[in-house]
Amino acid sequence: MTKKQKKILARIIASAALLLLATIVKDGVFSFALFVSSYLLIGYDILIKAGKNIMSMSLLDENFLMAIATVCAFIIKEYPEASAIMLFYQIGELFQSIALGKSRKSIKELMDICPDTATVIRDGKETEVSPDEVAIGETIIIRPGEKIPLDAVVTEGFTSVDTAALTGESMPQDISVNDRIVSGTVNLSGVIKAEVKSEFSDSTVSKILELVESSTEKKSKSENFITRFAHFYTPIVVVLALLLAVVPPLLLGDSFSSSVYTAIVFLVVSCPCALVISVPLSFFGGIGAASKKGILIKGSVYLEKMSSVKNIIFDKTGTLTEGKFSVTEVHSENYSQEEMLRLASLAEAMSIHPIALSIIAYTKTEPDESRVKNLEEISGMGISASVDGRNVLVGNEKLMQRQGITYSAPNMPGTTVHVAIDSIYAGYITVSDKIKSTSKQAVKMLEDMGIGDTIMLTGDNKKTADAIGRELSISKVYSQLLPQDKVKVTEEIIEKQEKGSVTAFCGDGINDAPVLARADIGISMGAMGSDAAIEASDIVLMDDDLRKIAKAIKISKKTMRIVKQNISFSLIVKIGVLLLGALKIANIWLAVFSDVGVMVIAVLNSMRCLKD
């Protein structure tokens, strides 16, 4: 328990003791003093809040309702009821505070991933500084047990790194020279030195903390409904309570105290605590449960949408596949194989595209800017450059077609990179990409959950795309797409989907930003160190495990079931007891149950969201 919660508990115990003593003591004045003491001890903060709201003309909230109901109870000499109403209300508030604390626990743990200091090597000496004081290119040293403060590349040493805080995975990751390490993870075994690759404000840990801090700002439809409901519901109830207190004595001859008692019951019942508290708490719990699994959801609106996903569109490279290409075949025409590879690799040496990197690695080519002129990247097709005075084209079939060059079409799976030199076809290089070990299982899990279609979009050739689609049992495959084509296909899928259905797009977040933004929900894969992934998507998976999409859907469906249960249960009990109160059948104790009791039950139900 926090200090604040312990203080509330102490007030509850003391107030309950005074209330019990007041009911036992027969002396009128002393008993009244005990009732007042019990009431003020437990309810002074509610009365202060209500007073401030009255001063600011912001009357119609639960504090105002509780204050007016209990003060009216004192006016008609229902002293035990007045104290009991406030006492049970505070008990409900304590339950809410404890539940909210538990739901925040996993997110607080995530917030603790940010280290306070970084050890940087300056002038040959180790200096401890704040992470935001370390510049790109500086060398930091991380010892066993320390959190990695900045995104960097290891230059010396080897170790194991615990990524559980970011990915939810308990298996350590082995790290050695030239491997990338990301902020927020923990060095487990060896001392390592690393060169900083991004400032603290642009690091993975900063992006994640920013995401988590803003996750409660984007409210779901259910939360907005509750806000609108309370806005209209509360003033209506206050007016009805006023009518119940005034009309029967004036028109029907009922006693004033009996009518005010009925109005008090009505007011206590009317407090929308269960709805106002339990619904946001459910979403908060769902977001917390997801974060423990390495799934970061940017707001409850996206958690709610995930429960209605019917179509999931996947990018291929880096999402369904590892994105690590290797050259599997080289075929030359009109030029020697050596000449074709030399010019193609020099043209590609300035690129960071995975296919280009595989060709560079195969030929072991060093970049040489002096030999490459007029380099132009043609989106979705390839590159054009002047290499050693020769006009070189390296790209896919569309690039060859655009230039009117006749090319060969190999009859084998893999991505084909065609090469033309001085407008003459020089041959092709085939590179292959390995399917991720989790992809097939992930697609199967989605199908078992009743997802309508799994769809793959790729700029790769039809033969390779269809082969991967068959192996993974993908419902629909779209190949040879330019970036704008992917957006167009996504729009067509969304237009055709049933009303209320949701289409999600899952990509690596680096070159899929337009489609991530266009889909109903954008899910980024492999966000470890990818700023673009965190910026472009609505949901971020902190590693490359596609199975977490099914886990996110499962969490969202469970959260929505609990939200609907809380809304239905709360409204049914409220409406029922309100009618009984208006008919003078319900007493103050039933009113207390319908308010505080229902709130406690709803809060306890909401806590189930924390368990995945």
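The values are calculated or read from the model by the stated rules, or taken from the named source; none is laboratory data. Every value quoted in this text rests on a predicted model; they were computed, and no experiment measured them. Neighbour counts are summed over all protein chains in view; Cβ atoms, including those assigned to glycine, are modelled from backbone coordinates with ideal geometry. Remember, those area values only see protein heavy atoms, side chains included, never the ligands or the DNA or RNA. Shrake-Rupley method; radii C 1.70, N 1.55, O 1.52, S 1.80 Å.
Working only within region 37-58, note down all residues that are aliphatic (A, V, I, L, M) and either touching a Lys or Arg at 6+ places or on another chain (Cβ under 7 Å) or without any contact (Cβ under 8 Å) to a residue 12 or more places away in the chain (or both).
Filtering region 37-58 down to residues aliphatic (A, V, I, L, M) leaves 40-42, 46-48, 50, 54-55, 57.
Passing the criteria: 40, 41, 42, 48, 54, 55, 57.
For (1) at pLDDT below 90; (2) among the polar types (S, T, N, Q); (3) in a strand (DSSP E or B), each residue gets a yes or a no:
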{"residue": "407", "(1), (2), (3)": "no, no, no"}
{"residue": "410", "(1), (2), (3)": "yes, no, no"}
{"residue": "419", "(1), (2), (3)": "no, no, yes"}
{"residue": "440", "(1), (2), (3)": "no, no, no"}
{"residue": "446", "(1), (2), (3)": "no, no, no"}
{"residue": "463", "(1), (2), (3)": "yes, no, no"}
{"residue": "469", "(1), (2), (3)": "no, no, no"}
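The set of residues from region 153-182 being assigned to a strand (DSSP E or B), modelled with pLDDT of 90 or more and open to solvent by 40 Å² or more (accessible area, probe 1.4 Å) comprises 155, 156.
Anything in region 494-524 that is part of a helix (DSSP H, G or I), in contact (Cβ under 8 Å) with a residue 12 or more places away in the chain and open to solvent by 20 Å² or more (accessible area, probe 1.4 Å)? List them, or say none. Steps first, answer last, please.
As a first pass, look at region 494-524 and keep what is part of a helix (DSSP H, G or I): 494-496, 513-518.
Keeping just the survivors that are in contact (Cβ under 8 Å) with a residue 12 or more places away in the chain gives 494, 513-518.
Result: 494, 513, 514, 517, 518.
The residues of region 570-589 that are touching a Leu at 6+ places or on another chain (Cβ under 9 Å), in contact (Cβ under 8 Å) with a residue 40 or more places away in the chain and part of a helix (DSSP H, G or I), listed by number, are 570, 571, 574, 577, 578, 581, 582.
Note on region 428-438: residues that are open to solvent by 60 Å² or more (accessible area, probe 1.4 Å) and polar (S, T, N, Q) total 1.
Residues are listed down the side, and each one gets a yes or a no for (1) aromatic (Phe, Trp, Tyr); (2) modelled with pLDDT of 75 or more:
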residue: 40; (1), (2): no, yes
residue: 46; (1), (2): no, yes
residue: 50; (1), (2): no, yes
residue: 61; (1), (2): no, no
residue: 74; (1), (2): yes, yes
residue: 79; (1), (2): yes, yes
residue: 90; (1), (2): no, yes
residue: 95; (1), (2): yes, no
residue: 109; (1), (2): no, no
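Number of residues in region 416-427 that are buried (at least 23 other Cβ atoms within 10 Å of the Cβ) and in contact (Cβ under 8 Å) with a residue 60 or more places away in the chain equals 4. The residue that is surrounded by the fewest Cβ atoms within 10 Å (Cβ to Cβ), among those in region 133-152 that are among the aliphatic types (A, V, I, L, M), within 14 Å of residue 183 (Cβ to Cβ) and in contact (Cβ under 8 Å) with a residue 60 or more places away in the chain, is 136.
Listed residues 449, 400, 381, 412; which is under 27 Å from residue 319 (Cβ atoms), touching a residue at least 40 places away in the same chain (Cβ under 8 Å), surrounded by 16 or more Cβ atoms within 10 Å (Cβ to Cβ) and of a type in the set (A, V, I, L, M)?
Details: 449 fails: surrounded by 16 or more Cβ atoms within 10 Å (Cβ to Cβ); 400 fails: touching a residue at least 40 places away in the same chain (Cβ under 8 Å); 412 fails: surrounded by 16 or more Cβ atoms within 10 Å (Cβ to Cβ).
From the options 449, 400, 381, 412, the qualifying one is 381.
Each residue in region 305-326 was checked for being over 11 Å from the mean Cα position of the chain (by Cα), open to solvent by less than 30 Å² (accessible area, probe 1.4 Å) and not aromatic (Phe, Trp, Tyr), and 12 pass. Taken over region 542-559, the criterion of being outside any loop (DSSP other than H, G, I, E, B) and more than 15 Å from the chain's Cα centre (by Cα) is satisfied by 547, 558. Would you confirm whether or not region 453-460 contains a residue that is over 22 Å from residue 358 (Cα atoms), crowded, with 22+ Cβ neighbours inside 10 Å and among the charged types (D, E, K, R)? No, because not a single residue in region 453-460 is over 22 Å from residue 358 (Cα atoms), crowded, with 22+ Cβ neighbours inside 10 Å and among the charged types (D, E, K, R).
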